[in-house]
1. Once every DSSP H run of n ≥ 4 in the chain is given -39500 (n - 2.57) and the sum is divided by its residues, what mean residue ellipticity at 222 nm do you get, rounded to the nearest 500 deg cm²/dmol?
2. Set the Förster radius R0 to 30 Å, insert the Cβ-Cβ distance between GLN134 and THR5 as r into 1/(1 + (r/R0)^6), and round the FRET efficiency to 0.05.
3. Let me see the P(r) profile for the range 92-134: every Cα-Cα distance counted, bins of 5 Å, each bin given as a percent of all pairs.
4. Could you give the alpha-carbon Rg of the range 62-109 over 2.2 N^0.38 Å, rounded to two decimals?
5. So how do SER62, SER37 rank on accessible area, 1.4 Å probe, biggest first, that is with the largest at the start?
6. Whole-Å semi-axes of the chain's equivalent ellipsoid, largest first, each the root of 5 times a Cα gyration tensor eigenvalue?
7. Amide H to amide H under 5 Å from PHE107: which residues, 5+ apart in sequence or cross-chain, H placed 1.01 Å off N in plane?
8. Ignoring ligands, DNA and RNA, how do HIS177, HIS57, HIS70 rank by accessible area with a 1.4 Å probe, largest first?
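The values are calculated or read from the model by the stated rules, or taken from the named source; none is laboratory data. A quick note: this is a predicted structure, and the numbers were derived from the prediction, not measured. Neighbour counts run over all protein chains shown; Cβ positions are idealised from the backbone, glycine included. We work out accessible area using only protein heavy atoms, side chains counted, and drop any ligands, DNA or RNA first. Shrake-Rupley method; radii C 1.70, N 1.55, O 1.52, S 1.80 Å.
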Amino acid sequence: MTKSTFFVEEDKILTSLFEEGMDNLHLNKPGQAPMYSERLLTLLSEDYYSKITVHDHFYLKSEYKLRGIHIEDIQESAPEGYRGNVTRSCTKLEDLKIAKKNANYVFLKPVFDSLRKGDKAGFTMEQLQEAARQGLIDKKVYAMGGMNIDNIRIAKDLGFGGVVVCSDLWNRFDIHHERDYRELITHFERLNKAVD
């Protein structure tokens with residue numbers, strides 16, 4: 001997932017991440033004007049558009065032929081007439097069944113303690129294991145919250161279909177003082193190997 005704010009080197013970093021094998025990017029810039037998302041998209045190769053899901057300004061999906069849209073509320077309907085991929089967020093295990101019916105995949109959050117906000121995990125390991133046994137956690141559910149290289153394997157072993165990495169990646173680059181983002185790319189490569 002993108003950092004919540006825009007910054008100067010972002011298009012170059014995202015391009016490098018796609019080149020290193022990132023196959024799914026969620027463009028999430030809450031509260032930001034749509035023109036900034038449009039500008040960022042125009043700086044990326046059109047080859048990557050089919051790998052990008054937008055969290056706001058859903059018109060960008062059709063205008064740029066993006067992968068899909070992300071809806072935070074599991075009860076909220078997709079925009080009228082919308083055709084395409086829909087992803088959702090879910091914060092309760094008991095809501096996963098409903099959420100999965102109305103989405104291509106679902107983010108379950110927070111799975112682990114947050115690295116950025118100090119939020120605590122919303123579930124115990126026993127609850128996650130039971131949800132996996134019941135088939136609630138499966139390939140259509142992605143683990144979000146506190147994801148890092150140490151717990152990606154745990155998420156995979158629980159049966160999650162993917163993980164959402166944000167802070168663990170973006171904390172490796174100071175948008176205000178750095179131009180060299182090699183450490184971020186190297187860390188992404190390690191994360192990618194941990195997922196495989």
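1. On the way: 8 runs with 65 residues, N = 196.
Computed mean residue ellipticity for the chain: -9000 deg cm²/dmol.
2. Details: r = 38 Å, r/R0 = 1.27.
After rounding to 0.05, the efficiency reads 0.20.
3. 5, 20, 26, 23, 17, 8, 1
4. Values: Rg = 11.0 Å, N = 48, 2.2 N^0.38 = 9.6 Å.
Cα Rg divided by the expected 2.2 N^0.38 Å: 1.14.
5. In descending accessible area the options line up as SER62, SER37.
6. Numbers: eigenvalues 135, 96, 40 Å².
Equivalent ellipsoid of the chain: 26, 22, 14 Å, largest first.
7. Correct list: ARG88, SER89, CYS90, TYR142.
8. Highest to lowest solvent-accessible surface, that is HIS177, HIS57, HIS70.
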